[in-house]
Amino acid sequence: MAEVRPDTMERITTPELAKKYINEQVEALRAQIGDKKVLLALSGGVDSSVVAALLIKAVGQQLVCVHVNHGLLRKGEPEQVIKVFRDEMKANLIYVDATDRFLDKLAGVTDPEQKRKIIGGEFIEVFAEEARKLDGIEFLAQGTIWPDILESEAGIKAHHNAGGLPEDMQFELVEPVRILFKDEVRVVGKELGLPDNMVYRQPFPGPGLGVRCPGAITRDRLEAVRESDAILREEFAKNGLEGKVWQYFTVVPDFKSTGVKDGKRTFDWPCIIRAINTTDVMEVTVEHLPAELIDHLVQRIITEVPGINRVLYDFTPKPPATVEYE
Ligand code: XMP
């Protein structure tokens, strides 16, 4: 099939254009897939969620979604994937809670690159194991988008078939959003009825909270990251900052400091807040939050999150600091 370049295509900016795109894609997907089965790794991110919704519309139960919970997702994420796709859209969804498997493999591993490799490698393994249990799958759906193709062509980043599935697993690819830019994927997702917090969600790295729990990940510190992140997201939403600030999250580093609570000494972790704005992620500026909001966040985090006795704010732009800590 000849590649349609976005520069020859009207940019999808309205519900009407999204509707037209959806109808065309549904037809094309039905023609490509016929009565065969399609597999999709559904992370809950914008791209894979939109691909899932398109395929559910096109081929319904012929789509098998696999949602792997690596234990490093944000609070409420796996629950939302199950609610939206299994309960509401009636998708054929396999949910794998692989938390113990990932955390056992990561135990004691301090090197950031090694942590990333373990998470990526284990993800492929869990996904491949689930795929092997299924019969008659001929297609693999992917949330590849146009910038992935451009970066791949420019040699910036290799575009893998599902991030490197084993050699024996060869599927024909189904990529229904590959000619779209991110903003177009969002318009299409909205038109498909996906919830706003899925369609407009901030970027979230593949290795998840693992890169926000620097050093060797422990369950208690990971929980402190998850709970503080949930408080931050809740407060940003309440204060009208959701969708305005490009990315915001918390980090709980692996060191402790002295504090005092109820007249007794404490020795606990700090929680670092990071909130940034950017257009291309190569250069990043820091969002300056109102002082009252910072005070409120500090109060909530130190009282509600076990193991935290200090809250810090990261004022460093990129460069020199990257967005994530690992
Ligand atoms: P850095 O830390 O490199 O992050 O300044 C730039 C942007 O990329 C996101 N990020 C990732 N996204 N997989 C992803 O899908 C990853 O491994 C990954 N690492 C970083 C980061 O959240 C930021 O938006």
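The values are calculated or read from the model by the stated rules, or taken from the named source; none is laboratory data. Keep in mind it's a predicted model, so treat the numbers as computed, not measured. No Cβ is skipped: glycine too gets one built from the backbone with ideal geometry, and neighbour counts run over all protein chains shown. Just the protein is used for accessible areas: all its heavy atoms, side chains included, with ligands, DNA and RNA removed. Shrake-Rupley method; radii C 1.70, N 1.55, O 1.52, S 1.80 Å.
Considering only residues that are charged (D, E, K, R) and in a helix (DSSP H, G or I), look in region 69-81 and name the one that is least open to solvent (accessible area, probe 1.4 Å). Across region 69-81, the extreme among qualifying residues is Glu77.
Can Val26 be described as over 20 Å from Phe171 (Cβ atoms), surrounded by 11 or more Cβ atoms within 10 Å (Cβ to Cβ) and free of Cβ contacts under 8 Å to residues at least 60 places away in the same chain? Judged against the criteria, Val26 is a match.
Could you go through region 52-68 and let me know if any residue there is open to solvent by 50 Å² or more (accessible area, probe 1.4 Å), within 24 Å of Tyr21 (Cβ to Cβ), more than 16 Å from the ligand (Cβ to nearest atom) and touching a residue at least 40 places away in the same chain (Cβ under 8 Å). Yes: one or more hits.
Residues that are free of Cβ contacts under 8 Å to residues at least 40 places away in the same chain and within 24 Å of Gly44 (Cα to Cα): does region 254-265 have at least one? The answer is no; no qualifying residue exists.
Any chance you could count how many residues in region 84-113 are over 20 Å from Arg212 (Cα atoms) and not aromatic (Phe, Trp, Tyr)? Break it down into steps so the answer makes sense when it comes.
In the first step, residues of region 84-113 are kept if they are over 20 Å from Arg212 (Cα atoms); the result is 84-97.
This time we only want the ones that are not aromatic (Phe, Trp, Tyr), so: 84, 86-94, 96-97.
Residues that pass the stated criteria total 12.
All conditions but one from (1) in contact with a helix residue (DSSP H, G or I) (Cβ under 9 Å, 6 or more places away or on another chain); (2) within 27 Å of Glu227 (Cβ to Cβ) apply to Val59; the one that does not is (2).
Counting only residues that are closer than 17 Å to Asp35 by Cβ, open to solvent by 60 Å² or more (accessible area, probe 1.4 Å) and either under 25 Å from the mean Cα position of the chain (by Cα) or modelled with pLDDT under 95 (or both), region 132-158 holds 1 of them.
Assessment of region 261-275 against the conditions (surrounded by 14 or more Cβ atoms within 10 Å (Cβ to Cβ) and within 13 Å of the ligand (Cβ to nearest atom)) yields at least one matching residue. Candidates Lys115, Lys75: the one that is in contact (Cβ under 8 Å) with a residue 60 or more places away in the chain, closer than 23 Å to Arg221 by Cα, within 19 Å of the chain's Cα centre (by Cα) and away from the ligand (no atom under 16 Å from the Cβ) is Lys75. The C-beta contact set for region 307-326 (first residue in contact (Cβ under 8 Å) with a residue 24 or more places away in the chain and within 16 Å of the ligand (Cβ to nearest atom), second residue of a type in the set (Ser, Thr, Tyr) and open to solvent by less than 40 Å² (accessible area, probe 1.4 Å), distance under 9 angstrom, 6+ apart or interchain) comprises Lys318/Thr278; Val323/Thr278.
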